[in-house]
1. Please specify each residue of segment A:132-156 satisfying the condition of being open to solvent by less than 10 Å² (accessible area, probe 1.4 Å) and assigned to a loop (DSSP other than H, G, I, E, B).
2. Scan segment B:262-287 and report the pairs whose first residue is modelled with pLDDT under 90 and whose second residue is small (Gly, Ala, Ser), with Cβ atoms within less than 7 Å and a gap of 6+ or a chain change.
3. Give me the pairs, please: first residue somewhere in segment B:96-125 and open to solvent by 40 Å² or more (accessible area, probe 1.4 Å), second residue anywhere and among the hydroxyl-bearing types (Ser, Thr, Tyr), beta-carbon distance under 6 Å, and either six or more positions apart or on two chains.
4. Name every residue in segment A:28-46 that is closer than 13 Å to A:Val217 by Cα and more than 10 Å from ligand 2 (Cβ to nearest atom), in order of residue number.
5. Look through segment A:165-174, keep the residues that are more than 12 Å from every other protein chain (Cβ to nearest Cβ) and within 16 Å of ligand 1 (Cβ to nearest atom), and return whichever of them is most open to solvent (accessible area, probe 1.4 Å).
6. If I filter segment A:17-27 for residues that are more than 16 Å from ligand 2 (Cβ to nearest atom) and part of a loop (DSSP other than H, G, I, E, B), do I get at least one hit?
7. Among the numbered criteria (1) buried (at least 19 other Cβ atoms within 10 Å of the Cβ); (2) farther than 21 Å from B:Ile202 by Cβ; (3) within 16 Å of ligand 1 (Cβ to nearest atom), which single criterion is violated by A:Asp17?
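The values are calculated or read from the model by the stated rules, or taken from the named source; none is laboratory data. Quick caveat, the model's predicted, so the values are computed rather than measured. Cβ placement follows ideal geometry from the backbone for every residue including glycine, while neighbour counts extend to all protein chains displayed. Just so you know, the surface numbers come from the protein's heavy atoms only, side chains and all, with ligands and any DNA or RNA stripped out. Shrake-Rupley method; radii C 1.70, N 1.55, O 1.52, S 1.80 Å.
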Amino acid sequence: MTRPEIQTKDLHKSFGDNEVLRGIDLEIGRGEVVCVIGPSGSGKSTLLRCVNLLEEPTKGQVFVGGTEITDPDVDIDAVRRRIGMVFQQFNLFPHLTVTENLTLPQRRVLKRDKAEAARVAAENLARVGLAEKADAYPSSLSGGQQQRVAIARALAMGPEVMLFDEPTSALDPELVGDVLAVMRMLADEGMTMMVVTHEMTFAREVADRVVFMDGGVIVEQGAPDQVIGSPSHERTRHFLSRLLDPARAEVEETADRAGKTE
Amino acid sequence: MTGTGTSDTGTSEPGTQVPVRKQGLTRRQKTAVSRGVQYAVFVAAVAALAVTADWDRLQNQFAQADLAERMFPEIITLALKNTVLYTVSGFVFGLVLGMVVALMRLSSVGPYRWVAGIYIEIFRGLPALLIFIFVGVAVPLAFPGTEIPGGTYGKVALALGLVSAAYMAETIRAGIQAVPKGQMEAARSLGFSHARAMVSIIIPQAFRIVIPPLTNELVLLFKDSSLVLFLGVTLEERELAKFGRDLASQTANSTPILVAGLCYLLVTVPLGFVVRRLEAKAGEATK
Ligand SMILES: Nc1ncnc2c1ncn2[C@@H]1O[C@H](COP(=O)(O)OP(=O)(O)OP(=O)(O)O)[C@@H](O)[C@H]1O
Ligand SMILES: [Mg+2]
């Protein structure tokens, strides 16, 4: 592998006494799509947020595009321009129209002129299939449309890396497909992507690699078919069985607990 | 175990109910009696007032048409105009200062937070009148030779601004904190600096939230502008309250006070209506 686009070295993060990340070493190459899976509270979001320093790591280093962003002397705002982030709750700016959501950051942060910002905005809205919503306000859009606008907003900044934190978890099931289609398109275009998701079909078909986290460490990682298809760790198997067949897993869990109390 | 326990109390509940006894008044009767009593008291009070009041004297004191007529157009072109000028300049100064104090209150730098906190506590705790006296009397005495720019207008803007900034700072701070955390995170992830995100993303949203309470503050300031009375103003600088009082003492009649009062209501009642409309709209938007 050539120089990794994203790299973490012995990454630790604690909130008070709660040690959420306990030494994460991860490398993501240029153009690679990595899906991060794991149970709730395992630290997936925290890891993602450490990669663009929305959370400050307690210990360890993070490199993006070869720059150490955990270096206190680095201009974090400049680094963040190269890293797009998509949130579970979309976080569109509700007081701005769809187009303004895309143009304001370009104008204020990248200092692009009005015409160029508008051109890039229109281009990216078309890419996510929402050209006709250019003048709408976010509140008038469906969740799926809002999330696609949020992706377009991040893309308009011309990022080299995209981070996704459960981008489809807040969506009605019938709207998930549109968002995943946009992400699949990005992956096909060669974008470097780190995706926290519970969408196992997406992980299987699109990811180059799947990382399974639990308790603040990477338990196992590898090709999707290997990690999802034939996991080598019991914790991975347990997690996947609950995810893929929740109804059955519940019975197992109750039986498990009853066994312990006896 | 616990399961059977709860179901036990559940079944025993109907048995503990006291049987309805037909004694005393029913709920419907009680409501009727209560309402009847309230109307009776109201009618009695209005009747007592009508009988005891000296209507001729009252009309003579408060409603002399020719006296009221003489106040126009000056009461509008001079007094109301000055009241509005004082209020608006005080509001603008208070808004700017309040914004700064609110941002200091939210700063990560300790001393800024303390200074802002102390400012808010002091100026919310003092009567507005005292601040007017302070600006009008104490400042010129303490710093002889220094002139507050803008003369009386500057002094009023300063006094009203100092008073309202404390309230507005707290309102604006609450507004900023009401903007969801995800907005700042989204802005930062796009490469906005903290300051630029505040200005471009957070504060515009916070202002939408605080427009109704700020309009309310404008109404309060409109009334407080009457304290200019204590600064000592020239004839040209008189506002509604001073204008009404001067004429009342000249003519030994209260009609000018009544007319001045109506001029205040001319502005405060519609503004109050606007505030309630804005609040209702904001309430709907959050649903
Ligand atoms: N800002 C914070 N302050 C304190 N504790 C936090 C904070 N953010 C996260 N945590 C804690 O860190 C742990 C991991 O949280 P994280 O959000 O990274 O998990 P996750 O794997 O993304 O879970 P989920 O699937 O529910 O999103 C949790 O125990 C959470 O309570
Ligand atoms: Mg999460």
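1. Correct list: A:Ala156 only.
2. Short answer, once both residue conditions are applied: none.
3. Cβ pairs passing all conditions: B:Met104/B:Tyr112; B:Arg113/B:Ser107.
4. Once the filter is applied, which keeps residues that are closer than 13 Å to A:Val217 by Cα and more than 10 Å from ligand 2 (Cβ to nearest atom), segment A:28-46 yields A:Ile37, A:Pro39.
5. A:Ser169
6. Looking through segment A:17-27, at least one residue is more than 16 Å from ligand 2 (Cβ to nearest atom) and part of a loop (DSSP other than H, G, I, E, B).
7. A:Asp17 satisfies every listed condition except (1).
Each row is one residue, and each column tells you yes or no for (1) open to solvent by 80 Å² or more (accessible area, probe 1.4 Å); (2) touching a residue at least 60 places away in the same chain (Cβ under 8 Å); (3) among the hydrophobic types (A, V, I, L, M, F, W, C).
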position: B:Trp55; (1), (2), (3): yes, no, yes
position: B:Gln61; (1), (2), (3): no, yes, no
position: B:Met71; (1), (2), (3): no, yes, yes
position: B:Gly90; (1), (2), (3): no, yes, no
